[in-house]
1. Under 5 Å between amide hydrogens, which residues at least 5 positions from LEU24 or on another chain qualify, with H placed 1.01 Å from N in the peptide plane?
2. Which ³J(HN,Hα) values, rounded to whole Hz and listed in residue order, are derived for segment 52-64 from phi using the Karplus coefficients 6.51, -1.76 and 1.60 in 6.51 cos²θ - 1.76 cosθ + 1.60 with θ = phi - 60°, glycine and proline given as x?
3. Using only alpha carbons, build the gyration tensor for the chain and give me the equivalent ellipsoid semi-axes, biggest first, whole Å.
4. With +1 on the Cβ of every Lys and Arg and -1 on the Cβ of every Asp and Glu, and nothing else charged, how large is the dipole of segment 1-87 about its Cα centre, in debye rounded to the nearest 20?
5. Quick one: the Cα spread of segment 1-59 along its three principal axes, in angstroms, biggest first?
6. Could you give the length gained on full extension between ILE50 and LYS38, defined as 0.36 nm per residue of separation minus the Cα-Cα distance, in nm?
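Derivation of every value follows stated rules applied to the coordinates shown; laboratory data play no part. Keep in mind it's a predicted model, so treat the numbers as computed, not measured. FYI the Cβ positions are ideal-geometry reconstructions off the backbone, even for glycines, and counts take in every protein chain you see.
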Amino acid sequence: MEISERQLKLLMGAAESLITYLRLPSEEATQIIVNSIKQEMKIRGTDFGILEVSSKAERTAFTRVVVHRVKDYLSQNYRFKPESVNKAMDSFVAVLHRSWQLE
């Protein structure tokens, strides 16, 4: 799985959201996100290279599904307050939006 610098920054920003709001260890936060990304890529038959050149709308749709997968995983496997999970997901999306402003 080849990843661009921009995508790596997004992944790390998303992981930081889980670390900050949910106090997950860095490795665990990253693994949850990577697994969610891999699942969605497999379903769509895509890879990071294709995502990198996709339209903003396609990347948004992909990211929303990944955020939903992460949120579902956290809800099913941990006992976090729903408000904490929502804050973490809002932060994840904010990282994404900031990255688009740099394009």
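1. Here ILE19 satisfy the definition.
2. Working through the residues one at a time gives 4, 9, 6, 5, 4, 5, 5, 5, 4, 4, 4, 5, 4 Hz.
3. On the way: eigenvalues 95, 43, 30 Å².
Working from the Cα gyration tensor, I get semi-axes of 22, 15, 12 Å.
4. Numbers: 14 positive and 11 negative charges, 70 e Å.
Dipole of segment 1-87, to the nearest 20 debye: 340 debye.
5. 33, 20, 20
6. On the way: separation 12, 0.36 × 12 = 4.32 nm, distance 1.37 nm.
Stretched out fully, the ILE50 to LYS38 stretch lengthens by 3.0 nm.
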